[in-house]
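The values are calculated or read from the model by the stated rules, or taken from the named source; none is laboratory data. Only a predicted model underlies this, so the values are computations on that prediction, with no experimental measurement involved. Cβ placement follows ideal geometry from the backbone for every residue including glycine, while neighbour counts extend to all protein chains displayed.
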Amino acid sequence: MRIRVEHLSKKFGTFKAVDDVSLEIEDGSLVALLGPSGSGKSTLLRILAGLESADSGNVWFDDEPATDLHARMRGVGFVFQHYALFRHLTVEQNIGFGLDVRGVGKQTIKRKVAELLGLTGLHGLGGRYPSQLSGGQRQRVALARALAPEPRLLLLDEPFGAVDAKVREELRQWLRRLHDEVHVTSIFVTHDQEEAFSVADRVLVVNKGRIEQGGPPTEILDNPETEFVARFVGDVNVFPATIAGNIATAGSLRARVLGDVPTGPAHLVIRSYDLKLWREDPGIATVQRIVTFGDRVRVQANVDGAGPIVAFFPRRSSLLRGIESGCRAQIEVTTARAYPAESSSLYPMSTTA
Amino acid sequence: MSEPASAVALPVPEAPPRSRARSSSANVRRLGQFALGGVVLAYLGTILIAPLGAMAYEIIALGPLTALKSLLEPNALLALRMTAILTVLSVVINAVVGTLGAVAIVRHRFPLRPLINALSDLPLAVSPVMVGLAFILLFGREGLLASLTAALGIKVVFAFTGLLLGTLFVSLPYTIREVAYVLEELGTSEEEAAATLGASPFQIFFRVTLPNVRFGLAYGVLMTLARSVGEFGAVLVLGGSISGQTQTATTFIHDAIDQRATASAYGMALLLALVSIVLLLGLEWFKHKKHGGSR
C-alpha cells in the first residue's frame, strides 16, 4: 500500500511530538524511521496505526483518506516494542486472534496459523503461553500475529529494542528476508542507525518531530543535508571552524569541504573513517590513545588548536606503522562537510558516539 | 587455669575478639527478631486468636452438631436465606458495576473522574451505622425521597430494599479497587494490539480486558462476599432485625445473644466462621494468582 502524509502535527501539552510532517512511502517498501528517543518517530507511527489522532494534517492510504479511520478499520499490523502479546492466550490463539475477531472460519484460521508458525520458525510452540517463550520468540509471535490478517501496512515500533544484541542481529536479517518474501509495505521505528541502514530500503531521519532527510541508506550516509543528520549518522568529529572559499580551518587542521558553504564561522563535520593519519614530526596532532576492536583500530589524537579527533583504520593499515601513544602525527581529511554555525544552537556539541 | 587458655589464644591474637563481637551482634539481632515476632504474636493473639479460640472452645464444649442443629429452626433458616440473597445480589451487582466503574476510572478521562474515584472509597471510611441512618433520613417516614418511593410502591426502611441498599453501599469499593489496580498495572498495549487486529470495543472488553483482570475481579468478588455476609450495622439500623423478616445471619446472632439462646448464637457463629475460612483460602489463592501467577 502506498502511504501519503501531509502536514501532520501532534502536540502533547506544549510539546510538539510531530511537527508538520509530510512524506510519501511507496508500495512494498521497507522504511526505517530513524531518530533519537523523544524525536516523535513512535508518535508518527501510532498516528499511522490510528492509535493516536493527529491535531492537524492528513493521511492517505492508496489515495483513500485514512485520517479519521478507526484503528480496527485500517488493515494495519502493529508490532509493539514490548510485544503486547495476549498473556492469557496460547501462541496459536494469539496469532489467530485477528482472524477470529473477523469471523474467519476455524479451519482457515488453523491453516493460516500453521503457515505463519512455519514462516516465523515457531514450529511446535503453538501451544505455549507467551510467558513460556524467550524474548526473540515473543517478538516473532508478535510479528506473526500482526501478519495473520494480511495487513496492507506493517508498522513496527522499536521491534528489536527489548532483545539482546545477538538475537537482535538475527531478527534483523530475518525481518529483511521476511519482507522480501511477503512484500507488505513496512515501516519500523528505531534509534539504532545500524539497524536502519542494514534493514531498510529507505531511511527517514527524524528529529524534533520533523523529517530531517529521507532517502536510501547510502544517500543519507554520503550526502547528509543537515548538520543533525551529519552528526547523527556515523561516528563523526565536529569542530568549530572558519570557512574561506571551500577550505575549513580549525586550529592547525585544514580540510576541503563538499558543497557551497558561505564564508564565515561554521561547524566542520568529519567522519571518523574519512581521514588519514600517519606518523610525522612536527605534524599537527599528538596521538593519545590507540584501541583495537577486532578488525579495526581506533586512534584518538589531539589536534593543535582544535581538540580531540577520532579516526578508525583497518587493523592492518599501513598508515598505522609507527603510530604509538604520544607520537606526533599528520592528518589529511579526505571528505568533510561544513554547516553554517547559526544552526549549531539547535544541536549541542558532543563528542563522537 | 586461665594461663594455658591465653597461651593457646596467643598465635591468633586478633581473631577471638572479632569473632566474639560478630557472634554477639548476630545474637543481638536474633534476639531483636524474636522480640519483634513476640510482640506481633502477642498482639495478634490478644485481638484475633484468643477471641476466636474462646468461641471455638465454647462451641466444642457445647458440641458443634448441637450448635448447628439449632440453625434448623425456621427463623434461623430465614435469616440465613436473607443473608444468602443479599450476598448473591450484592456480589453480582458489585461485580458488574465495579468492573465497569474501574474501566471508566482507569481507561477514560472525564471531568468528574477524580471525584468518582474518591467517592468509590467513601464506604471504607464511613461507619455502616451512619449509612443506615442516612438511608433512613432519605427514605424514612419523613424522608426526602419518601414520597417518591411511596408513589412507586417501594418500602425501603425495615424492608428488603433497605437491607439491600445498605449491603450494596458497604460492599461497593472492593471490586472497583481490585479491578482498577489490575487495569492500571496492565497498561493499554494489549487492548491497542487487539484494536489494530480488528477487534471491536465489545470484543476487546470480553476477549482481552476481562480475561486479564479475572483474578483481580475474583479477589474483589470474594472481598465483596465476605463484607456482605459480615455486614451488621447498616442492616440492623435499616432492617430493624425483625425476626423472620429482616433478620440476617449477623443480626440473628446479636438477637440470640440478647435472648440467651447460646446454642443458636454459637451455631450461626460457627457457620459464618466456616464460610470465612473458605473465603480466606480463596483470597490467598487469588492473591497468589493475581501477583505473578497469571504472567
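For residue B:206, which of the numbered conditions (1) away from chain A (no Cβ under 14 Å); (2) farther than 23 Å from residue B:283 by Cα; (3) of a type outside the set (D, E, K, R) fails to hold?
(1)
Any chance the range B:170-180 includes a residue that's small (Gly, Ala, Ser) and over 16 Å from residue B:106 (Cβ atoms)?
Going residue by residue through the range B:170-180, those that are small (Gly, Ala, Ser) are B:171, B:180.
Cutting the leftovers down to over 16 Å from residue B:106 (Cβ atoms) gives us B:171.
Scanning the range B:170-180 turns up at least one residue that is small (Gly, Ala, Ser) and over 16 Å from residue B:106 (Cβ atoms).
Has the range B:189-197 got any residue that is free of Cβ contacts under 8 Å to residues at least 40 places away in the same chain and under 22 Å from the mean Cα position of the chain (by Cα)?
Looking through the range B:189-197, none of the residues is free of Cβ contacts under 8 Å to residues at least 40 places away in the same chain and under 22 Å from the mean Cα position of the chain (by Cα).
Let me confirm something: among A:159, A:149, which residue is within 11 Å of chain B (Cβ to nearest Cβ) and not in a helix (DSSP H, G or I)?
Details: A:159 fails: within 11 Å of chain B (Cβ to nearest Cβ).
Step by step, each of A:159, A:149 is checked, and only A:149 is within 11 Å of chain B (Cβ to nearest Cβ) and not in a helix (DSSP H, G or I).
Having 2 or more residues that are within 21 Å of residue B:131 (Cα to Cα) is the bar; report the helices (runs of 4 or more DSSP H) wholly within the range B:173-289 that clear it.
Details: elements: B:173-186, B:189-196, B:201-204, B:214-230, B:233-239, B:249-258, B:262-288.
In the range B:173-289, the matching helices (runs of 4 or more DSSP H) lie at B:173-186, B:214-230, B:233-239, B:249-258.
Assess whether residue B:192 counts as being out of contact with any Lys or Arg (no Cβ under 6 Å at 6 or more places or on another chain), within 14 Å of another protein chain (Cβ to nearest Cβ), crowded, with 17+ Cβ neighbours inside 10 Å and among the charged types (D, E, K, R).
Working: out of contact with any Lys or Arg (no Cβ under 6 Å at 6 or more places or on another chain): yes; within 14 Å of another protein chain (Cβ to nearest Cβ): yes; crowded, with 17+ Cβ neighbours inside 10 Å: yes; among the charged types (D, E, K, R): yes.
Considered against the rule, which asks whether it is out of contact with any Lys or Arg (no Cβ under 6 Å at 6 or more places or on another chain), within 14 Å of another protein chain (Cβ to nearest Cβ), crowded, with 17+ Cβ neighbours inside 10 Å and among the charged types (D, E, K, R), residue B:192 comes out as yes.
Name every residue in the range A:121-146 that is assigned to a helix (DSSP H, G or I), surrounded by fewer than 22 Cβ atoms within 10 Å (Cβ to Cβ) and either within 12 Å of another protein chain (Cβ to nearest Cβ) or in contact with an Asp or Glu (Cβ under 9 Å, 6 or more places away or on another chain) (or both), in order of residue number.
A:130, A:131, A:132, A:135, A:136, listed by residue number.
Residues B:224, B:262: which one is in the same structural domain as residue B:96 (by TED's automatic domain parsing), over 30 Å from residue A:70 (Cα atoms), of a type in the set (Ser, Thr, Tyr) and surrounded by fewer than 16 Cβ atoms within 10 Å (Cβ to Cβ)? Walk me through how you get there before you give the answer.
On the way: B:224 fails: surrounded by fewer than 16 Cβ atoms within 10 Å (Cβ to Cβ).
Exactly one residue qualifies, and that residue is B:262.
For the range A:29-53, which positions are within 12 Å of chain B (Cβ to nearest Cβ) and either at positive phi or touching a Cys at 6+ places or on another chain (Cβ under 8 Å) (or both)?
A:50 - this is the single residue of the range A:29-53 that is within 12 Å of chain B (Cβ to nearest Cβ) and either at positive phi or touching a Cys at 6+ places or on another chain (Cβ under 8 Å) (or both).
For the range A:162-177, name all the residues that are away from chain B (no Cβ under 14 Å) and not in a helix (DSSP H, G or I).
A:163, A:164
If the Cβ limit is 9 Å and pairs must be 6+ apart or interchain, which residue in the range B:34-57 that is in the same structural domain as residue B:265 (by TED's automatic domain parsing) and loosely packed, with under 11 Cβ neighbours inside 10 Å pairs with which residue that is of a type in the set (A, V, I, L, M, F, W, C) and in a helix (DSSP H, G or I)?
Between residues of the range B:34-57 that are in the same structural domain as residue B:265 (by TED's automatic domain parsing) and loosely packed, with under 11 Cβ neighbours inside 10 Å and residues that are of a type in the set (A, V, I, L, M, F, W, C) and in a helix (DSSP H, G or I), there is no close pair.
Would you confirm whether or not the range A:84-104 contains a residue that is among the small types (Gly, Ala, Ser), surrounded by fewer than 20 Cβ atoms within 10 Å (Cβ to Cβ) and out of contact with any Pro (no Cβ under 6 Å at 6 or more places or on another chain)? So that I can check it myself, show each step before the final result.
First, the residues of the range A:84-104 that are among the small types (Gly, Ala, Ser): A:84, A:96, A:98, A:103.
From what is left, the residues that are surrounded by fewer than 20 Cβ atoms within 10 Å (Cβ to Cβ) are A:103.
Add one more test, that the residue is out of contact with any Pro (no Cβ under 6 Å at 6 or more places or on another chain), and what stays is A:103.
Yes, the range A:84-104 contains at least one residue that is among the small types (Gly, Ala, Ser), surrounded by fewer than 20 Cβ atoms within 10 Å (Cβ to Cβ) and out of contact with any Pro (no Cβ under 6 Å at 6 or more places or on another chain).
Going through A:279, A:315 one at a time, which residue ends up being surrounded by fewer than 16 Cβ atoms within 10 Å (Cβ to Cβ) and either without any contact (Cβ under 8 Å) to a residue 60 or more places away in the chain or of a type in the set (D, E, K, R) (or both)?
On the way: A:279 fails: surrounded by fewer than 16 Cβ atoms within 10 Å (Cβ to Cβ).
That would be A:315, the only listed residue that is surrounded by fewer than 16 Cβ atoms within 10 Å (Cβ to Cβ) and either without any contact (Cβ under 8 Å) to a residue 60 or more places away in the chain or of a type in the set (D, E, K, R) (or both).
Take the conditions under 30 Å from residue A:77 (Cα atoms), at pLDDT 90 or above, more than 14 Å from chain A (Cβ to nearest Cβ) and in contact with a Ser or Thr (Cβ under 7 Å, 6 or more places away or on another chain) and apply them to residue B:235. Does it pass?
Values: under 30 Å from residue A:77 (Cα atoms): no; at pLDDT 90 or above: yes; more than 14 Å from chain A (Cβ to nearest Cβ): yes; in contact with a Ser or Thr (Cβ under 7 Å, 6 or more places away or on another chain): yes.
Considered against the rule, which asks whether it is under 30 Å from residue A:77 (Cα atoms), at pLDDT 90 or above, more than 14 Å from chain A (Cβ to nearest Cβ) and in contact with a Ser or Thr (Cβ under 7 Å, 6 or more places away or on another chain), residue B:235 comes out as no.
Suppose we keep only residues that are assigned to a loop (DSSP other than H, G, I, E, B) and within 13 Å of residue A:332 (Cβ to Cβ) within the range A:277-305. Which one would you say is modelled with the highest pLDDT?
Looking only at the range A:277-305, we keep the residues that are assigned to a loop (DSSP other than H, G, I, E, B), and these are A:280-284, A:294-295, A:304-305.
With the extra rule that they be within 13 Å of residue A:332 (Cβ to Cβ), the set shrinks to A:280, A:283-284.
On the way: A:280: 89, A:283: 88, A:284: 93.
Among residues in the range A:277-305 that are assigned to a loop (DSSP other than H, G, I, E, B) and within 13 Å of residue A:332 (Cβ to Cβ), the one modelled with the highest pLDDT is A:284.
What's the number of the condition residue B:109 fails, among (1) buried (at least 16 other Cβ atoms within 10 Å of the Cβ); (2) modelled with pLDDT under 90; (3) within 14 Å of chain A (Cβ to nearest Cβ)?
Here residue B:109 clears every test but (1).
Restricting to the range A:78-120, count the residues that are within 9 Å of chain B (Cβ to nearest Cβ) and over 33 Å from the mean Cα position of the chain (by Cα).
So the answer is 4.
Among the strands (runs of 3 or more DSSP E) confined wholly to the range A:1-120, which include 3 or more residues that are closer than 23 Å to residue A:210 by Cβ and in contact with a His (Cβ under 8 Å, 6 or more places away or on another chain)? Can you show your working first?
Values: elements: A:3-12, A:15-25, A:30-34, A:56-61, A:76-79.
Per the criteria, A:15-25, A:56-61.
Which number in (1) at negative phi; (2) within 14 Å of chain A (Cβ to nearest Cβ) marks the one condition that residue B:198 misses?
(1)
Kindly check whether there is at least one residue in the range B:143-160 that is outside any loop (DSSP other than H, G, I, E, B), over 30 Å from residue A:130 (Cα atoms) and either in contact (Cβ under 8 Å) with a residue 24 or more places away in the chain or under 14 Å from the mean Cα position of the chain (by Cα) (or both). Break it down stepwise before answering.
As a first pass, look at the range B:143-160 and keep what is outside any loop (DSSP other than H, G, I, E, B): B:146-152, B:160.
From what is left, the residues that are over 30 Å from residue A:130 (Cα atoms) are B:146-152, B:160.
Of the ones still in play, those that are also either in contact (Cβ under 8 Å) with a residue 24 or more places away in the chain or under 14 Å from the mean Cα position of the chain (by Cα) (or both) are B:160.
Within the range B:143-160, one or more residues are outside any loop (DSSP other than H, G, I, E, B), over 30 Å from residue A:130 (Cα atoms) and either in contact (Cβ under 8 Å) with a residue 24 or more places away in the chain or under 14 Å from the mean Cα position of the chain (by Cα) (or both).
Every residue, every condition in (1) of a type outside the set (D, E, K, R); (2) under 14 Å from the mean Cα position of the chain (by Cα), yes or no:
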{"residue": "A:145", "(1), (2)": "no, no"}
{"residue": "A:149", "(1), (2)": "yes, no"}
{"residue": "A:189", "(1), (2)": "yes, yes"}
{"residue": "A:211", "(1), (2)": "yes, yes"}
{"residue": "A:223", "(1), (2)": "yes, no"}
{"residue": "A:233", "(1), (2)": "yes, yes"}
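Name the one entry in B:169, B:158, B:135 that is more than 27 Å from residue B:102 (Cα to Cα) and not charged (D, E, K, R).
Details: B:169 fails: more than 27 Å from residue B:102 (Cα to Cα); B:135 fails: more than 27 Å from residue B:102 (Cα to Cα).
Step by step, each of B:169, B:158, B:135 is checked, and only B:158 is more than 27 Å from residue B:102 (Cα to Cα) and not charged (D, E, K, R).
Among the helices (runs of 4 or more DSSP H) lying completely within the range B:1-94, list those that include at least 1 residues that are at pLDDT 85 or above and more than 30 Å from residue B:178 (Cβ to Cβ).
Here the list reads B:15-44, B:50-62, B:64-69.
Does residue B:185 count as within 14 Å of chain A (Cβ to nearest Cβ) and buried (at least 20 other Cβ atoms within 10 Å of the Cβ)? Reasoning before the result, please.
On the way: within 14 Å of chain A (Cβ to nearest Cβ): yes; buried (at least 20 other Cβ atoms within 10 Å of the Cβ): no.
No: the conditions fail for residue B:185.
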